[in-house]
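Report on the following structure.
Bear in mind these aren't lab numbers, they're just calculated from the coordinates by the rules spelled out. In this text the structure is predicted, and so the values were computed from the model without any measurement. Cβ sites come from the backbone with ideal geometry, for glycine too, and all protein chains shown count toward neighbours.
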């Protein structure tokens, strides 16, 4: 077993750091995910050269949401927004409902950006392998025109 130092955020975006024992790097990531933490940095104390930093740590999470999951997320978001639930709260609900780690991590990042003041379309644009330009532009039009729920239903 190796000791790994980690920096992560919890579901609310609160920074957390500490050490954990794991067989390898991937096992350390799995342990953090089970705790509902989003890893930001993991460093092996055995070999400091294994340090990896990334806003979405695990290889290419920006392109691992299936089309089926994207459709489901979009429909759920449309329903929530159409019910007059704020976008910030709607995204928070979707984060809690997300079952697949890849979708959950992308939703967490989008929620953080929107909560910090970015437009929804700008937050989506950070994930070009998940959201097409057409998708992003339809969302941008809905945000601008005050018809986000309608745009989500049309995507």
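For the chain, the longest principal axis of the Cα atoms and the long axis of helix 67-82 meet at an angle of about 60 degrees.
Here the sum of -39500 (n - 2.57) over DSSP H runs of 4 or more residues, divided by the residues of the chain, equals -15500 deg cm²/dmol at 222 nm, to the nearest 500. Residues 129, 64, arranged from fewest to most other Cβ atoms within 10 angstrom of their Cβ, appear as 129, 64.
Relative to the longest principal axis of the Cα atoms of the chain, the long axis of helix 133-145 makes an angle of roughly 60 degrees. With all pairs of different C-alpha atoms in the average, the Kirkwood value for the hydrodynamic radius of region 57-132 is 12.4 Å.
Each residue of the chain gets 102 Å³ once the volume of the Cα convex hull is shared out per residue.
Annotation: peptides 111-117, 14-20, ranked by per-residue average of other Cβ atoms within 10 Å with the highest first, follow the order 111-117, 14-20. Relative to the longest principal axis of the Cα atoms of the chain, the long axis of helix 101-115 lies at roughly 60 degrees. Look at the alpha carbon pairs under 8 Å that are at least 6 residues apart: their mean separation over the length of the chain gives a relative contact order of 17 percent.
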